[in-house]
Amino acid sequence: MLKKIEHIGIAVKDLEASNKLFEALFGKEHYKIETVESEGVRTSFFELGESKIELLEAIDDDSPIAKFVEKRGEGIHHIAYDVEDIKAEVRRLKDEGFDILNETPKRGADNKWVVFLHPKSTNGVLVELCQEMDETEGKLVSPENS
Ligand code: ZN
């Protein structure tokens, strides 16, 4: 079961400019900037009550964000849902016939294990499942190895 919208990911061209824009919109500052080298992105997070907004800027031309912005322009890139047991959800959604992009959870931004579903199986919206990493033991106990 997907528990709630954890965050909405928005692809932007210029993270600094967009940080200013969203700070003005939300009336509050982002709480972190984090680069995820493996995904080719620099991200910035804003907390709004129970949900977050993640801004994503490409750090190289091969980044999926660079390709997205080139094809579709800036805008909503994905919706991320909070899950309790990401591996169980992958099995369940696979059984339901969804196209899972990475069955093995990978490290995402903001201390999360993440799995993506192909937008072609979800009405054109890229879906991210995310499970909070256990702060104390998460670095050792990863869903990759369990
Ligand atoms: Zn995300």
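Of the residues making up region 51-80, just one is among the polar types (S, T, N, Q) and part of a strand (DSSP E or B), namely Ser51.
One residue alone among Glu74, Glu132 is at pLDDT below 95 and open to solvent by 90 Å² or more (accessible area, probe 1.4 Å), and that residue is Glu132. Got at least one residue in region 72-87 being in contact with an Asp or Glu (Cβ under 8 Å, 6 or more places away or on another chain), of a type in the set (Phe, Trp, Tyr) and either over 16 Å from Val125 (Cβ atoms) or within 12 Å of the ligand (Cβ to nearest atom) (or both)? Within region 72-87 (the criterion being in contact with an Asp or Glu (Cβ under 8 Å, 6 or more places away or on another chain), of a type in the set (Phe, Trp, Tyr) and either over 16 Å from Val125 (Cβ atoms) or within 12 Å of the ligand (Cβ to nearest atom) (or both)), the answer is yes, since at least one residue qualifies. For region 1-41, residues that are in contact with a helix residue (DSSP H, G or I) (Cβ under 8 Å, 6 or more places away or on another chain), within 17 Å of Asn111 (Cα to Cα), within 13 Å of the ligand (Cβ to nearest atom) and assigned to a strand (DSSP E or B) total 1.
Pairing each residue of region 85-100 that is modelled with pLDDT of 95 or more with any residue that is open to solvent by 60 Å² or more (accessible area, probe 1.4 Å), provided the two are 6+ apart or on different chains, yields C-beta distances under 6 Å for Val90/Glu103; Ile100/Lys94. Checking Leu101, Leu117 one by one, the residue that is buried (at least 18 other Cβ atoms within 10 Å of the Cβ) and within 14 Å of the ligand (Cβ to nearest atom) is Leu117 and no other. The set of residues in region 81-107 that are over 15 Å from Cys130 (Cβ atoms) and assigned to a helix (DSSP H, G or I) comprises Arg91, Arg92, Lys94, Asp95. Note on region 61-71: residues that are open to solvent by 70 Å² or more (accessible area, probe 1.4 Å) and touching a Lys or Arg at 6+ places or on another chain (Cβ under 9 Å) amount to 1.
The values are calculated or read from the model by the stated rules, or taken from the named source; none is laboratory data. Just so it is clear, the model here is predicted, and its values are computed rather than measured. Positions of Cβ are backbone-derived with ideal geometry, glycine not excepted, and every protein chain shown enters the neighbour counts. Note: accessible area is taken over every heavy atom of the protein model, side chains too, but ligands, DNA and RNA are not part of it. Shrake-Rupley method; radii C 1.70, N 1.55, O 1.52, S 1.80 Å.
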